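Reviewing the structure listed below.
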Amino acid sequence: MSEYREIKHDISGFTLLEVLVAVTLIAVMAVGVWTVLDMCIRSWTRGIEAIDINQRNRSTQDLVRKQVASAYPLIPASVGQNVANAAAAASALVFSGGETSMRFVSPNSLLSMDSVGLVLVTYEVEVDSDGNLALVERETPYVGQGADDGGFTSSVPVFFNLKECTFEYYDPGDAENPSEWLTEWDTASRRRMPAAVRISMITNETNKDWPGRQMVIPLRAQYNYLQTQQQRVQRQRVQQQRVQQQRGQTVQPRQKPGQ
């Protein structure tokens, strides 16, 4: 009988208290592991989203830079470009800029990957449905109309959730006037394109270390009616001198052999 009792005591299992303690410890460990894993997943997701947003912003900035830099100093065909009308031609350049809008002609389309020719482009700062500012790009094929004609066929917000967005235009100056950044550009009075355009933006995203964005875009093509007029006058003088030299030359008679 004593042997039976001893064997029965040896094969006994865990008590209820021991099982509860073990289950509680496993549950605490599982919760801790899940918490750490969830934090890692959230951090990884936020990192991927931030990289994606930065990549899209960078791609958009590159497209905007390319389009603005290729602003073409176009003069409508209805305006003559001869020497006598050089000032009027420069005054009719299809470019206008304000503090919250800009309009120009460019060979690069922001909305089409194909070559569509010249497009009339406008950038405007507008208020969206949430009360934030958005920089909207509109464009339409340019078929020779004036810069004030409407009829834009497509539009897209390129930057949104903005607190502030402004345009500035760089005047390189001359011997009499110093260089400066201007909030407005009127080709009718300045008779040339700005040397560069600066777009300054401040976002509403408070979690960013650098909420401000700024793009300084030099314009590749320039038109200066004074230089153009001087070049044309110089070319005309050179042609006139060549004509006079040809007229002033005398044809020498050929001498016969032995004379």
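All of the numbers you see were taken from the coordinates with simple rules; none came from a lab. Keep in mind it's a predicted model, so treat the numbers as computed, not measured. Cβ coordinates were reconstructed from backbone atoms using ideal geometry, including for glycine residues, and neighbour counts include every protein chain displayed.
So here's what we get for this one:
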| quantity | calculated |
| --- | --- |
| Cβ-based exposure ranking for Asp174, Asp186, Asp114, in which fewest neighbours within 10 Å come first | Asp114, Asp174, Asp186 |
| Inter-probe distance in nm under a simple model that places probes 7 Å from Cα toward Cβ, at Arg42 and Gln240 | 8.2 nm |
